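Let me give you the structure first, and then I'll get to my questions.
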Amino acid sequence: MRSLAIKLTLAFLFVGLIGAILVALVVRQSTHSAFDRFMQERNVATIAETLSDYYKIHGGWEGVAQVFRADGTFRPQFQAPENFRDGYLPQLTFILVGTDRTIIYSRKAENIGNLVTQPELNKATAIEVNGDTVGWVVFQSPPEPWALNTPEGVFLRNINRAILISAIVAGLIALVLGGFLAYTMTRSLRELKAGTQKVAAGDLGYQVEVRSDDELGDLAVSFNQMSADLARANQTRRQMTADIAHDLRSPLSVILGYTEALSDNKLEGTPEVFEVMYKEAGQLNHLIDDLRTLSLADAGELALNYQSIYPLEILQDVARAYRQQAERKGVSLGVDVANDTPHIKVDPNRMIQVLGNLVDNAIRYTQEGGEIRLGAHDSGEASGDRLVELYVADTGAGITAEDLPFIFSRFYRSDKSRQDNGETGLGLAIAKSLVETQGGSISVESMPGSGSRFTIRFPAEA
Ligand code: ADP
């Protein structure tokens, strides 16, 4: 039995039937015991009265057996007129016991003359004549009331039938309703199963319908999210493979072309030729280094050498390294660090790499006469952590609103045709990866024409 729907249907049916059977048993039991009591009390009175009359008339129990028919019912002529109810006679098994505890009458003739035990007599009904006890009537396990051919028996049999019918109807309703409920409840699960099979077969991004806002609905929403994320990740991976192939091919084809021309003696090996080849090989090297750093950071295998750093130190190191490059471009480069800036715990070399990347970009995108400022300050508390903010701000070209959300993505260049001068489109992706690996965050604010400001936040060292 593998289907959840079948299991649920059977569970509903089982619960429905158990309920119906329990109700039937309780109703039947209470009806029967009430009837037992009622009939017994009435019949005991009738029998005891009739026997008492017999005793009065005959002055003893002589010949009492002729009062009864073979089936134990009274012969009508022996009933007192007020008790006479033809065809409605007590049909109970009982014995008549004399005052000496011997059996005077029993349907089983062989028992006549036997002694009755005291406990049995305790349950008996006394037969009285003028206030004296002249004998006892002892009932012996009366027949089941519904087996009797009396109106009470018919009534009980009708009740039994009604109980049986209602149990069957309850079972059928449980089966139909249970089947319907089980089908609707498992529909989302069946769709999810089909969805996972589709995703497994490569249909990434496949979405299922969210049919409810319960746990199954939540599951469908999570599935859709996962499927969309997988599609996005797959698209990014494809795009990245294509970008890597493209970026590797351009310098390689230059180097191959030059090598071929040199070996065919079609090109003379001048210093300019070797410089171009060296520059292209350097570009390849740079790209491969960047890819390696990214893949190590992604795998969490980047070796980090954490040290307690005063931000001014690394900012000054970076400014020193890039001052000449900035001056060549006619851009000023300054550092502002507030006096009370706390220390941060980072890998200084990796931070110099990150900040260097930001400054390198800033110099590249800032016109002559522009300004680049590096700085750090305490930026107050955020969710219980005291944060230190490091920034690289320029007065350069700025970034358009369309490009802004993507500039930390791998291989993203706002000018798609630009690939020379060591621009791999990986610089900011690496910066983000390195900062996040060290427990920080990086963001950017920028407006075309009014410059850009990259901000890095780290928790202050306690
Ligand atoms: P690249 O190696 O091409 O510089 P990055 O990841 O460092 O790659 O930068 C991605 C893109 O973000 C750049 O192509 C550029 O368009 C934009 N960018 C980065 N820094 C700046 C900046 N300071 N001013 C303007 N644009 C910037």
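Bear in mind these aren't lab numbers, they're just calculated from the coordinates by the rules spelled out. The shown structure was predicted, so the numbers you read here are calculated from the model rather than taken from an experiment. Cβ: placed from backbone, ideal geometry, glycine included. Neighbour counts: every protein chain shown.
Which angle from 0 to 90°, rounded to the nearest 10, does the C-alpha axis of helix 4-58 make with the longest principal axis of the chain?
Here the helix axis deviates by roughly 20 degrees.
So if we plug the beta-carbon distance of ALA462 and GLU402 into 1/(1 + (r/R0)^6) with R0 = 51 Å, what FRET efficiency do we get, rounded to 0.05?
Working from the Cβ atoms, E equals 0.80.
How much length is gained on full extension from ILE165 to ASP340, taking 0.36 nm per residue of separation minus their Cα-Cα distance?
Full-extension gain reported as 54.2 nm.
Right, something else. Is the range 356-415 best put as rounded, prolate or oblate by its Cα gyration tensor, with a ≥ b ≥ c the root eigenvalues, rounded for a/c under 1.5, and otherwise prolate when a/b is larger than b/c, oblate when not?
Here the range 356-415 falls in the oblate category.
Need the list of lysines near LYS345 for cross-linking: C-alpha distance under 18 angstrom, and skip anything on the same chain fewer than eight residues off.
The qualifying lysines are LYS432.
Expressed as a rounded percentage, what relative contact order does the chain have, with Cα pairs under 8 Å and six or more residues apart?
On the way: 605 pairs, mean separation 46.8, N = 462.
Reported relative contact order: 10 percent.
While we're on this one: Near LYS7, which lysines are there with a Cα under 20 Å away, not counting those fewer than 8 places off in the same chain?
Reachable lysines: LYS193.
Another one. Between GLU327 and LEU22, with labels modelled 7 Å along Cα→Cβ, what's the label distance in nm to one decimal, could you check?
Once both label points are built, they end up 9.3 nm from each other.
Would you please give the FRET efficiency between SER383 and HIS32, computed as 1/(1 + (r/R0)^6) with r the Cβ-Cβ distance and R0 = 56 Å, to the nearest 0.05?
Using R0 = 56 Å, I get an efficiency of 0.20.
Could I ask something else about it? Relative to the longest principal axis of the chain, what angle (0 to 90°, nearest 10) does the C-alpha long axis of helix 215-263 take?
20
Is the shape of the range 205-335 best called rounded, prolate or oblate, per the rule: a/c under 1.5 gives rounded, else a/b larger than b/c gives prolate, else oblate, with a ≥ b ≥ c the square roots of the Cα gyration tensor eigenvalues? The partial results should precede the final answer.
Details: a/c = 3.31, a/b = 1.50, b/c = 2.20.
Oblate, since a/c reaches 1.5 and b/c is not below a/b.
Additional query: Can you compute the modelled spin-label distance between GLN225 and ASN122, with each label point 7 Å from Cα toward Cβ, in nm?
Once both label points are built, they end up 7.4 nm from each other.
A follow-up question, please. Under the 0.36 nm per residue contour assumption, what length would be gained going from the current alpha-carbon distance of TYR310 and SER409 to full extension?
So the chain would gain 32.7 nm between TYR310 and SER409.
So how much slack lies between ILE112 and ASN130, counting 0.36 nm per residue of separation and subtracting their Cα-Cα distance, in nm?
Residue separation times 0.36 nm, minus the Cα-Cα distance, leaves 3.9 nm.
Counting only DSSP beta bridges with both residues in the chain, what percent are antiparallel, rounded to the nearest 5?
Here the antiparallel bridges make up roughly 85 percent for the chain.
Still on this model: Please give the helix 427-437 orientation as an angle from the longest Cα principal axis of the chain, in degrees from 0 to 90, rounded to the nearest 10.
Compared with the principal axis, the helix lies near 50 degrees.
What does the charge count near ARG323 come to, summing +1 for each Lys or Arg and -1 for each Asp or Glu among other residues with Cβ under 12 Å from its Cβ? Intermediate values should be presented prior to the final figure.
Numbers: positive: ARG320, ARG328, LYS329; negative: ASP317, GLU327.
Residues near ARG323 contribute +1 overall.
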